[in-house]
Amino acid sequence: MQSDMREVLRIATPTAAVGAIATLVGGLVAGGDGAIGAAVGCVVVIVFMALGLLALNWVAKAMPHLFQGMGLLIYSGQLVLLLIFILSIRNTSLFDLQVFALSLVAAVITWITTQAVLHARSKTLYVDPDADTRNRPGGAGGDRDE
C-alpha cells in the first residue's frame, strides 16, 4: 500500500501545482469565486482519480484476472459519479462554474499525462527470470516426470 500511495503522490503533485496556478489565474480573472471554482475543480480531480487508481491497484494485486474488466468498471463509475457531482452543483453560486470546468479539464489532462509519463518511465518486469528453472525437471518448482 505504501508504494501505491507513493505513486498517487507522484501523480497528484503536478496536478496540484496546475491547480494552484489555475486558482491564481481564476482569482485574477474572476475574483474570489473564480479562485474557489479552480480549487474545487482541482480537488475533485485529485480525489476522484486517486481513489480510482488506488482501487485499480488493489484489484491488480488481489484479483489480477479481473484487472481489465474492473478497470473499465472503475473508470465508468468515476464518470457516473463525476456526472452526478456536476449535475448537483450546476446551479450553485458558491463559485464560478466556467473556471471550475476549465480547472477540471486542466487537472485531468495533467493527471493523465503525468500517469502516462511515469508509466512509460517505469521499469516493469515483463519476463519472469525464474520461469526457466521452474520449467526444468528438478528445478525449483518442478516435480514433473519427463
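The values are calculated or read from the model by the stated rules, or taken from the named source; none is laboratory data. These figures come from a predicted structure and were not determined experimentally. Neighbour counts are summed over all protein chains in view; Cβ atoms, including those assigned to glycine, are modelled from backbone coordinates with ideal geometry. With ligands, DNA and RNA removed, areas are computed over all heavy atoms of the protein, side chains included. Shrake-Rupley method; radii C 1.70, N 1.55, O 1.52, S 1.80 Å.
Around the Cα centre of region 1-123, unit charges on the Cβ atoms of Lys, Arg, Asp and Glu (plus for the first two, minus for the last two) sum to a dipole of about 400 debye.
Convex hull volume of the Cα atoms of region 27-108, normalised per residue: 76 Å³. Projecting the Cα atoms of ALA62, GLY32, ILE89 onto the dipole axis of region 1-132, where Lys and Arg carry +1 and Asp and Glu carry -1 at the beta carbon, places GLY32 farthest toward the positive end.
Using a probe of 1.4 Å, the accessible surface attributed to LEU73 totals some 110 Å² when neighbouring protein chains are kept in position. Per residue, the convex hull spanned by the Cα atoms of region 10-49 measures out at 39 cubic angstrom.
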